[in-house]
Every structure is written in structure tokens, then in C-alpha cells.
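A.B. asks: Okay, handing you the structure first.
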Amino acid sequence: MIYFVTSNEGKYREVLAIAKKYGLEFEWMKEKYVEIQGKDLEEIARKSAEILSEKMKDKKFFLEDSGLFIEALNGFPGPYSSYVFETIGNEGIIKLMKGVKNRKAYFKAVIAYWDGKEIRTFTGIVEGEISDEIRGSYGFGFDPIFLYSGRTFAEMREEKNEVSHRRRALEKFFEWLNA
Ligand code: IMP
């Protein structure tokens, strides 16, 4: 049995839906874990998994650290995405981006997997743009302001799971697990 550790229900739902396509099952451990501060998602995911592994011992688990990186804001909010979402939210990002021509942004997800002995990481990225208004109400976090091929992730609903950063990281992880 493999545990997926997250307190974020939106992430859990997506991971569950994607895992089904690969015929995989895991146990949801709805828990907050110690997340180190850092500039690099790989480092944050790996170190957080390292700390958690001391408690989990030989129990296999994975966690996922993700963020939104906006080019015109030099990669902000990046590793601070959850804090920025809780504080200024989608409206705040739209305000920061008012009048800004370069709308390019990407989402990144890093999965860290502990197999009872060591940690491996898997990364996924999806490129898109920041919309100038909130569109759609599905999903979580920055989904209503992240445009992918003309629609926001919130407007794409489940179709998001075909192309998202999370899908791309999980694809690598699940293919490795199934190999
Ligand atoms: P963390 O990985 O728990 O540190 O949080 C990442 C934060 O980035 C989330 O709370 C969201 O605000 C944002 N985020 C990450 N992935 C997504 C996504 O797929 N859609 C929308 N927002 C996301």
C-alpha cells in the first residue's frame, strides 16, 4: 500500500482520478506535514519527504509540491503559491498583472516518493498564460486564472487532468512504478 500525503482535497481528487487511468490505488493520508522553506520545488519536496520518512519508517508514501510561476513577475509566486493564494488570491494576481503584456506562466509539480529506503522525485510542467479575469469555478487554487489553449483550467474541468503539471509528474511516477 502506498500513501498519498496531502491536506489539499483538490490535489487528492486529481491524483485519484489520474491514478485510476493507470489502474493504481493508494491510501489518502489527509495530513499536513512539515514543509521546509526554499526557492526550489524539488528541494522542498525532497526535504519534506525526508522529514516525513522518519515518522513513516518503512511505510511507502508520496507527497507533491506545486506552484505557479509567472514570467513577468520573475517566477512569483513559485514556492510561495499556497501562501499567496490564501492572502491575495486570484483577484490579487489579476491586479498585479493589470496592464502587463507578457502573460506567460507555468505550473510545476514535483512528486517525492519514499519507498521505505530512499526518495525519488518526478517533475511535470505545463505552460500557459494568466487571464485578465476570473473564468470558471471548477477545481482549486489558481485554476480560474490559468489559461491553457484559450480556456482556463477551471473551464476545462476534468480535461485539465489530461494536460496538467500534476498529470505530467504523475505519468512519470506511475510509469516508473508499473515498470
Ligand atoms: P503546495 O504544493 O501545497 O505548497 O501548494 C501549491 C499551491 O499552488 C496551491 O495551494 C495552489 O494555490 C497552487 N496550485 C498548485 N497546483 C495547482 C493547480 O493545479 N491548480 C491551481 N492552483 C494550483
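The values are calculated or read from the model by the stated rules, or taken from the named source; none is laboratory data. Just so we're clear, the structure is a prediction, and the values are computed from it rather than from any experiment. Cβ placement follows ideal geometry from the backbone for every residue including glycine, while neighbour counts extend to all protein chains displayed. Calculation scope for accessible area: heavy atoms of the full protein, side chains included, ligands and nucleic acids excluded. Shrake-Rupley method; radii C 1.70, N 1.55, O 1.52, S 1.80 Å.
Residue-by-condition table, conditions (1) within 15 Å of the ligand (Cβ to nearest atom); (2) of a type in the set (S, T, N, Q):
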{"residue": "GLU54", "(1), (2)": "no, no"}
{"residue": "PHE62", "(1), (2)": "yes, no"}
{"residue": "SER66", "(1), (2)": "yes, yes"}
{"residue": "PHE69", "(1), (2)": "yes, no"}
{"residue": "GLY75", "(1), (2)": "yes, no"}
{"residue": "ILE88", "(1), (2)": "yes, no"}
{"residue": "ASN102", "(1), (2)": "no, yes"}
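A.B. asks: Here's another thing I want to ask about it. Filtering segment 123-135 down to residues that are free of Cβ contacts under 8 Å to residues at least 60 places away in the same chain and open to solvent by less than 20 Å² (accessible area, probe 1.4 Å), which residue is farthest from the chain's Cα centre (by Cα)? Outline the logic, then answer.
C.D. replies: Restricting attention to segment 123-135, the residues satisfying the condition of being free of Cβ contacts under 8 Å to residues at least 60 places away in the same chain are 124-129, 131-135.
In the following step, the residues that additionally are open to solvent by less than 20 Å² (accessible area, probe 1.4 Å) were identified as 124, 126, 128, 131.
On the way: GLY124: 9, VAL126: 11, GLY128: 15, SER131: 19 Å.
By that ranking, first place goes to SER131.
A.B. asks: Inside segment 20-35, can you point out the residues that are away from the ligand (no atom under 11 Å from the Cβ) and either over 19 Å from PHE153 (Cβ atoms) or assigned to a loop (DSSP other than H, G, I, E, B) (or both)? It would help to see each step written out before you state the result.
C.D. replies: Filtering segment 20-35 down to residues away from the ligand (no atom under 11 Å from the Cβ) leaves 20-31, 34.
If the condition is that a residue be away from the ligand (no atom under 11 Å from the Cβ) and either over 19 Å from PHE153 (Cβ atoms) or assigned to a loop (DSSP other than H, G, I, E, B) (or both), then LYS20, TYR22, GLY23, LEU24, GLU25, PHE26, GLU27, TRP28, MET29, LYS30, GLU31, VAL34 are the ones that fit.
A.B. asks: Still on this structure, I have one more. Assess whether ILE94 counts as being away from the ligand (no atom under 11 Å from the Cβ), among the β-branched types (Val, Ile, Thr) and within 30 Å of TYR3 (Cβ to Cβ).
C.D. replies: Values: away from the ligand (no atom under 11 Å from the Cβ): yes; among the β-branched types (Val, Ile, Thr): yes; within 30 Å of TYR3 (Cβ to Cβ): no.
No: the conditions fail for ILE94.
A.B. asks: If you don't mind, there's one more thing I want to ask. Provide a single number: the residues in segment 76-106 that are in contact with a strand residue (DSSP E or B) (Cβ under 7 Å, 6 or more places away or on another chain), surrounded by 15 or more Cβ atoms within 10 Å (Cβ to Cβ) and either more than 25 Å from TYR12 (Cα to Cα) or hydroxyl-bearing (Ser, Thr, Tyr) (or both). Don't jump to the end; show me each part of the working.
C.D. replies: Within segment 76-106, the first condition is being in contact with a strand residue (DSSP E or B) (Cβ under 7 Å, 6 or more places away or on another chain), and the residues that meet it are 76-79, 81, 84, 93, 97, 103-106.
Checking which are surrounded by 15 or more Cβ atoms within 10 Å (Cβ to Cβ) leaves us with 76-79, 81, 84, 93, 97, 103, 105-106.
Now narrow it down to the ones that are either more than 25 Å from TYR12 (Cα to Cα) or hydroxyl-bearing (Ser, Thr, Tyr) (or both): 81, 97, 103, 106.
So the count comes out to 4.
A.B. asks: For residues that are more than 14 Å from the chain's Cα centre (by Cα) and among the aliphatic types (A, V, I, L, M), tally how many sit in segment 26-47.
C.D. replies: The number of residues fulfilling the criteria is 3.
A.B. asks: Quick check on segment 136-154. Is at least one of its residues more than 14 Å from the ligand (Cβ to nearest atom), touching a residue at least 40 places away in the same chain (Cβ under 8 Å), assigned to a loop (DSSP other than H, G, I, E, B) and over 20 Å from GLY10 (Cα atoms)? Even if it seems obvious, please write down each step before you answer.
C.D. replies: First pass over segment 136-154, keeping only residues more than 14 Å from the ligand (Cβ to nearest atom): 149-150.
Keeping just the survivors that are touching a residue at least 40 places away in the same chain (Cβ under 8 Å) gives none.
No - not one qualifying residue is present in segment 136-154.
A.B. asks: Free of Cβ contacts under 8 Å to residues at least 12 places away in the same chain, surrounded by fewer than 22 Cβ atoms within 10 Å (Cβ to Cβ) and assigned to a helix (DSSP H, G or I) - does that describe any residue in segment 158-165?
C.D. replies: Going residue by residue through segment 158-165, those that are free of Cβ contacts under 8 Å to residues at least 12 places away in the same chain are 159, 162.
When the remaining residues are screened for being surrounded by fewer than 22 Cβ atoms within 10 Å (Cβ to Cβ), the result is 159, 162.
Applying the additional criterion that residues be assigned to a helix (DSSP H, G or I) yields 159, 162.
Yes, that holds for at least one residue.
A.B. asks: How about segment 107-118: which of its residues are more than 16 Å from the ligand (Cβ to nearest atom) and either in a strand (DSSP E or B) or surrounded by 23 or more Cβ atoms within 10 Å (Cβ to Cβ) (or both)?
C.D. replies: From segment 107-118, those more than 16 Å from the ligand (Cβ to nearest atom) are 114-118; that's our starting set.
Answer for segment 107-118, where residues must be more than 16 Å from the ligand (Cβ to nearest atom) and either in a strand (DSSP E or B) or surrounded by 23 or more Cβ atoms within 10 Å (Cβ to Cβ) (or both): just TRP114.
A.B. asks: So, one more: I'd like the full set of residues that are closer than 23 Å to PHE61 by Cα and more than 15 Å from the chain's Cα centre (by Cα), limited to segment 101-122.
C.D. replies: Passing the criteria: TRP114, ASP115, GLY116, LYS117, GLU118, ILE119, ARG120.
A.B. asks: Can I ask one more? In segment 3-19, what residues are closer than 21 Å to LEU177 by Cβ and assigned to a helix (DSSP H, G or I)? First the steps, then the outcome.
C.D. replies: Our first condition is that a residue be closer than 21 Å to LEU177 by Cβ; within segment 3-19, this holds for 3-6, 11-19.
Listed by number, the residues that qualify are LYS11, TYR12, ARG13, GLU14, VAL15, LEU16, ALA17, ILE18, ALA19.
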